[in-house]
Every structure is written in structure tokens, then in C-alpha cells.
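The values are calculated or read from the model by the stated rules, or taken from the named source; none is laboratory data. For clarity, every value in this text was computed on a predicted model and none was experimentally measured. Here the Cβ positions follow ideal geometry from the backbone for every residue, glycine too, while neighbour counts run over all protein chains shown. Protein only, heavy atoms only, side chains kept; ligands, DNA and RNA dropped before computing areas. Shrake-Rupley method; radii C 1.70, N 1.55, O 1.52, S 1.80 Å.
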Amino acid sequence: MNTALNIDDLRLAARRHLPKTIFEFIDGGAQDEITLRRNRADFERHAFMTRVMTDVTTRDLSTTVLGTPTAFPVVMAPTGLAGLLRRRGELAASRAAAKAGVPYCLSTMATCTIEQIAEASPVDRWFQLYVLRDRGITKAMIERARASGCKALVLTVDTKLQGPRERDMRNGFTVPPKFTLGTMIDFARHWQWLLDVGLGPKVTFRNFEGTAVDNRNAVTITQFIAGQYDLAISWKDLAWFKSVWGGPVAVKGILSGEDARIAVDHGADAIIVSNHGGRQLDGAISAIRALPGVVDAVQGRAEVILDGGVRRGADVVKALALGARACMIGRAWLYGLACDGEDGVARSLEILRNEVDLCMALLGRTTIPELDRSILVEP
Ligand SMILES: Cc1cc2nc3c(=O)[nH]c(=O)nc-3n(C[C@H](O)[C@H](O)[C@H](O)COP(=O)(O)O)c2cc1C
């Protein structure tokens, strides 16, 4: 049984389990990590106002996001390379999501294929797309995601080039990981990881198998992105994605209200307010601070999802009070996966769910629609 009390406990356990190179890849942000810290710190600007003497015997945390039902207002964010933490990490994560009843968004950059994830569990799946210069490969991926039953397409728009992750540069992080003198000592000290992942099947971007994209030789992620991603994509392309996909489309990586309005004008069904977990432009505004501006700009014409810095159930409740439909969580589930595989992801979801539940009860609220601005004091 995993005895972690909170997500920070899972983070510490993940740090013990993983080689430094791998832990820093998930834990780190861009450059001085100002935005990474802001994503957390800005949640503290908001204080709760409780109501007492209301009957909170029965609480209902369930809701829907983009038409997908969820047991509580959380969606598992797309994260590439989960298979670097645990062998076939994406499969473990999707199984835990299915059991917890929350949607799982798989990443273009996963180490398992779209089809393997579909076979692994009956989870409600979304597919996250990075737009490649090769539109043929991009289109084929969208079609595979649709054929395998994904319910929404998430278009990530904040990663035309990769943010400078200096921890990864210092550590010589590549995919697959390279065995150098430095990394070998690091890997050997984490023998459980070494047996599971380091000496396991080669970790690659499996969704690119059978395409012209070379996914076998060790590259930095910066090199991969610079070689493949489309720098020219613009708003007018959204119509093409909508028509090829034929279902709900969420645009991930928006911070400005003006961009949110333009995205909705071009057909976006949801806006994911995100700075990529502080991994792209360092110094960017935190996701929680950007949220109210996006909610105001969208005026109910699309759902708004908060992504970045969520480590407590109270963070989810605050985001909902500010107008979010749900929150995405990235590192929170990755830490769980790293330290305990499927059980660890299940524990991270259980922790957050229980925290949301308790927070609502102590606020004197019993349903998700009751989480409005009245539960917060203006900062
Ligand atoms: C290790 C790692 C890999 C990620 N890979 C992707 C990805 O492939 N696609 C994507 O849109 N976002 C990716 N992200 C960003 C997450 O989807 C999400 O925006 C971010 O983790 C949210 O911040 P949080 O970790 O504080 O919850 C990644 C984040 C991490 C930590």
C-alpha cells in the first residue's frame, strides 16, 4: 500500500526511485524556472470564504468535460515519455485513470502507440497532437486516434520550439537515454529503475514507427522538435484540424484572453489555459493567474480547462471557482507513476479526489456547480 499523504510525498518518492537525469526531466522547467514556481505560488493568492451549518452529508464531485464524464473535475494531462519512468508507463497510467473514472489524454510523444493504449484499458481517452511539418503524418495520427476511439483532440500550440530546459542540457538528457560514464553511475545507483526501464526495450516515440521520422537514434527533445514541428501553423489551420478530426477540439497552451477569443472564433470547443507546466517560456504568467482573463474573454462559448501547478485538491476547487470546467494534472500523476507504477498513479488520483471532496465539505458545498466565485476572497 502506498502511504503517501500528498502529492509532495509522491514527488519525494519519485526522486528516490529515479536516476537524476530522468527525475529532472519531469520535475524541471525552463531556464530559471520562474514560471514553474509561479504556477504553484499564485494559487496561494486566493483565500477561501467558508459557509457553515449546511448539510454536507452527501457530496457529488462528478461532472463532464468536453462531453466526457469524469468522477471528479480532473483530466490527466498529456505527457510524453512516461515509459521512461516505468516500463510501458502510459499503459499503467491509462489503467489507473479508467479505475478512477477520469479521462486520460495521451501524447503524440508517448512511448506506447495510440492503439496499445486503446487496447490496455477502457479509459475515456483524448489525443494530444503536436503539429508536424509533414501534414501527411499529422493527418494519419489524427485518423488513428479517431479510429481507436479517442473522444477529443487536444492541439498543443505553445511548443513550436522547445523551451530551454537547462537541467536536461546539463544532464545530457536524450531519447532513448544514452549510457555514458556519468549516466551509468546514476542509473546503477537506481537498480530497480535500471532493471525495469534502463535495461528494458528501447524507449522511443512509438507513434512514429513506420513513418519517415527517425525515432530510433538518441536525440535531444530540442533536436526532435526543431526537426519535426511546424513553425508556420496559425489560426486559419484550426478549421483543417476540426474537419479532419470531426469531434471536439481543445486548444492547449493559451494564456491571453485575446488568443482565447480568437481560438473560439475559429471553432475551438475548449481552451486549455497553460504554460506547459513552466517548461516553455520562462517568465510567462502562471496558469491560475491567466485563468480569469480567459474565462471573461470566452464568455461561456467554450469550456475552459486550467493546466499547471495543481498539487492539491484545493487548487482544483480554486480553479473551478474562477470559471474552469476542470483541471489537467501533469507531474502529479507522473510522480505517482515513477514511484509505484499503476498503483502510484491510482494513489495520486485518490489523494486529489479526497482532497477535493474534503475541501468542498469544509467550504459547505456539495456539488460542482456550487463552486463559484463566492467561495473565494478577492486577492
Ligand atoms: C515530463 C513531461 C512531459 C510532457 N509532455 C507533454 C506532451 O507530450 N504534450 C503536451 O501537450 N504537454 C506535455 N507536457 C505538459 C503537460 O501536458 C502539462 O501542461 C503540464 O505538466 C502541467 O503542469 P503540471 O505538471 O504542474 O501539472 C509535459 C509535461 C511534463 C512534466
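Close contacts from region 27-42, counting a first residue that is touching a residue at least 12 places away in the same chain (Cβ under 8 Å) and within 12 Å of the ligand (Cβ to nearest atom) and a second that is among the hydroxyl-bearing types (Ser, Thr, Tyr) and not in a loop (DSSP other than H, G, I, E, B), with Cβ to Cβ under 7 Å and a gap of 6+ residues or different chains, come to Gly29/Thr35. Considering Ala338, Ala287, Ala332, Ala361, the condition of being more than 11 Å from the ligand (Cβ to nearest atom) and of a type outside the set (Val, Ile, Thr) is satisfied by Ala361 alone.
Against the condition at pLDDT 95 or above, at negative phi and open to solvent by less than 40 Å² (accessible area, probe 1.4 Å), how does Ile34 come out, does it pass?
Details: at pLDDT 95 or above: yes; at negative phi: yes; open to solvent by less than 40 Å² (accessible area, probe 1.4 Å): no.
It is false that Ile34 is at pLDDT 95 or above, at negative phi and open to solvent by less than 40 Å² (accessible area, probe 1.4 Å).
When restricted to residues that are of a type outside the set (Gly, Ala, Ser), farther than 19 Å from Asn171 by Cβ, touching a residue at least 24 places away in the same chain (Cβ under 8 Å) and assigned to a loop (DSSP other than H, G, I, E, B), region 205-234 contains 7. A single entry from Ala92, Ala77 fulfils the requirement of being open to solvent by less than 10 Å² (accessible area, probe 1.4 Å), within 17 Å of the chain's Cα centre (by Cα) and among the small types (Gly, Ala, Ser): Ala77.
Within region 41-74, the set of residues being within 23 Å of Trp333 (Cα to Cα) and outside any loop (DSSP other than H, G, I, E, B) comprises Ala41, Asp42, Phe43, Glu44, Asp60, Thr63, Thr64, Val65, Thr68, Pro69, Thr70, Val74. Is there a residue in region 174-189 that is in contact (Cβ under 8 Å) with a residue 60 or more places away in the chain, out of contact with any Phe, Trp or Tyr (no Cβ under 8 Å at 6 or more places or on another chain), open to solvent by 80 Å² or more (accessible area, probe 1.4 Å) and in a loop (DSSP other than H, G, I, E, B)? Within region 174-189, one or more residues are in contact (Cβ under 8 Å) with a residue 60 or more places away in the chain, out of contact with any Phe, Trp or Tyr (no Cβ under 8 Å at 6 or more places or on another chain), open to solvent by 80 Å² or more (accessible area, probe 1.4 Å) and in a loop (DSSP other than H, G, I, E, B).
Within region 246-266, residues that are in contact (Cβ under 8 Å) with a residue 12 or more places away in the chain reach partners that are away from the ligand (no atom under 16 Å from the Cβ) and of a type in the set (Val, Ile, Thr) with beta carbons closer than 6 Å, at six or more positions or on different chains, in the pairs Ala260/Val298; Val264/Val298.
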